[in-house]
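The values are calculated or read from the model by the stated rules, or taken from the named source; none is laboratory data. Model, not experiment: these values are computed from the prediction. Here Cβ is always computed from backbone atoms with ideal geometry, including for glycine, and neighbour counts include all displayed protein chains. Protein only, heavy atoms only, side chains kept; ligands, DNA and RNA dropped before computing areas. Shrake-Rupley method; radii C 1.70, N 1.55, O 1.52, S 1.80 Å.
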Amino acid sequence: MKLSVIIPCLDAESTIGIQLEALYRQDWAEPWEVIVSDNGSTDKTLEIIEGYKKKLTNLHIVDSSDRKGVSHARNVGARCAKGESLAFCDADDEIAPGWVAAIGEATSKYDFVASRFEMKKLNLKLFYRKHQQETGLSTYGYPPFLSHAGGSGLAVKRSIHDKTGGFDESMPRLNDTDYCWRIQLKGIKLHFAKDAVVHVRNRNTLKDNFRQARLWGEYNVFLYKKYLPFGMPKLSWKAGIKSWIRLLMCISRILDKENRCSWIFSFGWCVGRLYGSIKYRVLAL
C-alpha cells in the first residue's frame, strides 16, 4: 500500500459526505486507502460513512472514541494504516480533483509534504481570510522560527511519523504546528506541494472566529515557552504593546462588513496571547 489517507472526525454529518465524495472522484494508479478515525460521533456521521463503503471500496472506519481530540484520532488512524506514507485531511474540508495523485507523488519524492490551501470555495466572503498556505508554507514570524502547515493536507512517511511519536495528544490546539516543528528539528525538510490542493472551510460565525483565534493565541504562547530552549528567539514586551496599539487604532474596521471578521479574529488572537501569558507564566503578548 503506497498511501493511507486519514480523516479524523467527530459529529461531522454536515460535511463528511462532501469529503468522501471528493475522495471517491480521485484517481491514482498506485494502491491507496481511506481511513476514517471516528472520535465518538453521536450524530449520523457513521451512517453516512457506512453508506460510502460500496463506492469507496478502500474505505475503512476505526474507533478512536477512547480519548477525545483530533491528535488522538489522527494517531489511531495512523496506527491502523497500511500505507508507506500517511496523508491527513479534515472532515470539514474538501480535497480538490487530483489531490490523492498529487500528494502521493509528492511523498514518493519527499519525506514530509504540505498541500496548498484554497480558501474561497467553501467560505462566504464575510468569513474569507487570506492564508499563507494559499501560495506557500506558513511562516512563523512572531518570533521568527520554523515554517509550518495546517494538519489538513499534511503528508509524511509513516516511519517518520512513528519515530516522531505522532501528534501530541496533550495539545488540543496547534498540534499540527508542533508536529511540523518536531519533525523539522530532526533535520527533515517540509516541502510545499502546490498541485495538491485542499479547499479549506473557515468558521462561519463571528463568535466562532473569535473563539478560534483566542485559542490559537493562547496555544501560540504555549509553543513559545516550549520552543524557547530549541532556538526560538525571545520576544520583547514592547512588540506586544505595539500589536495592541495597532489593533485598537484599526477598531473602526468592526463597522465595515468586509473587514469585521478579520478585526475580530485579530482581537481574539491578542486576547488569547494575553491569557496565555498569564496561564503559562511567560511574557508573550
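Consider L274 against the criteria (1) more than 18 Å from S147 (Cβ to Cβ); (2) of a type in the set (A, V, I, L, M); (3) open to solvent by less than 60 Å² (accessible area, probe 1.4 Å); (4) assigned to a helix (DSSP H, G or I): it satisfies all of them except one. Which criterion is unmet?
Of everything listed in (1) more than 18 Å from S147 (Cβ to Cβ); (2) of a type in the set (A, V, I, L, M); (3) open to solvent by less than 60 Å² (accessible area, probe 1.4 Å); (4) assigned to a helix (DSSP H, G or I), L274 misses just condition (3).
Name the one entry in G77, G98 that is over 25 Å from T42 (Cα atoms) and in contact (Cβ under 8 Å) with a residue 60 or more places away in the chain.
G98
For the range 152-169, state whether one or more residues are at pLDDT 95 or above, surrounded by fewer than 16 Cβ atoms within 10 Å (Cβ to Cβ) and in a loop (DSSP other than H, G, I, E, B). Write out each step before concluding.
Here is the first cut: in the range 152-169, the residues at pLDDT 95 or above are 152-169.
Next, only the ones that are surrounded by fewer than 16 Cβ atoms within 10 Å (Cβ to Cβ) stay: 159-160, 162-163, 165.
This time we only want the ones that are in a loop (DSSP other than H, G, I, E, B), so: 165.
Yes: the range 152-169 contains one or more residues that are at pLDDT 95 or above, surrounded by fewer than 16 Cβ atoms within 10 Å (Cβ to Cβ) and in a loop (DSSP other than H, G, I, E, B).
Scanning the range 1-52 for residues that are of a type in the set (D, E, K, R) and in contact with a strand residue (DSSP E or B) (Cβ under 8 Å, 6 or more places away or on another chain), which turns out surrounded by the fewest Cβ atoms within 10 Å (Cβ to Cβ)? I'd like the intermediate steps shown before the answer.
Taking the range 1-52 as the starting set, the residues that turn out to be of a type in the set (D, E, K, R) are 2, 11, 13, 21, 25, 27, 30, 33, 38, 43-44, 47, 50.
From the residues that got through so far, the ones that are in contact with a strand residue (DSSP E or B) (Cβ under 8 Å, 6 or more places away or on another chain) too are 2, 30, 33, 38, 50.
Working: K2: 17, E30: 14, E33: 19, D38: 24, E50: 12.
Across the range 1-52, the extreme among qualifying residues is E50.
Could we say that L247 is farther than 18 Å from R203 by Cβ, open to solvent by less than 70 Å² (accessible area, probe 1.4 Å), assigned to a helix (DSSP H, G or I) and at pLDDT below 95 here?
Yes; evaluated as a whole, the condition is true for this residue.
Checking N259 against (1) touching a Lys or Arg at 6+ places or on another chain (Cβ under 6 Å); (2) in a loop (DSSP other than H, G, I, E, B), which test does it fail?
For N259, the exception is condition (2).
Please state which one of S71, S108 is open to solvent by 10 Å² or more (accessible area, probe 1.4 Å), hydroxyl-bearing (S, T, Y) and outside any loop (DSSP other than H, G, I, E, B).
S108
Given the criteria more than 16 Å from S152 (Cα to Cα), basic (K, R), touching a residue at least 24 places away in the same chain (Cβ under 8 Å) and open to solvent by 10 Å² or more (accessible area, probe 1.4 Å), does R129 qualify?
Details: more than 16 Å from S152 (Cα to Cα): yes; basic (K, R): yes; touching a residue at least 24 places away in the same chain (Cβ under 8 Å): yes; open to solvent by 10 Å² or more (accessible area, probe 1.4 Å): yes.
Criteria met by R129.
Return the only residue of L46, L23 being at pLDDT 95 or above and under 21 Å from H199 (Cβ atoms).
None of the other options fit; the residue is L23.
What's the total number of residues in the range 229-244 that are under 15 Å from G141 (Cβ atoms) and outside any loop (DSSP other than H, G, I, E, B)?
4
Exactly one of these conditions fails for I95: (1) out of contact with any Pro (no Cβ under 6 Å at 6 or more places or on another chain); (2) under 30 Å from W263 (Cβ atoms); (3) open to solvent by less than 60 Å² (accessible area, probe 1.4 Å). Give me its number.
Every listed condition holds for I95 apart from (2).
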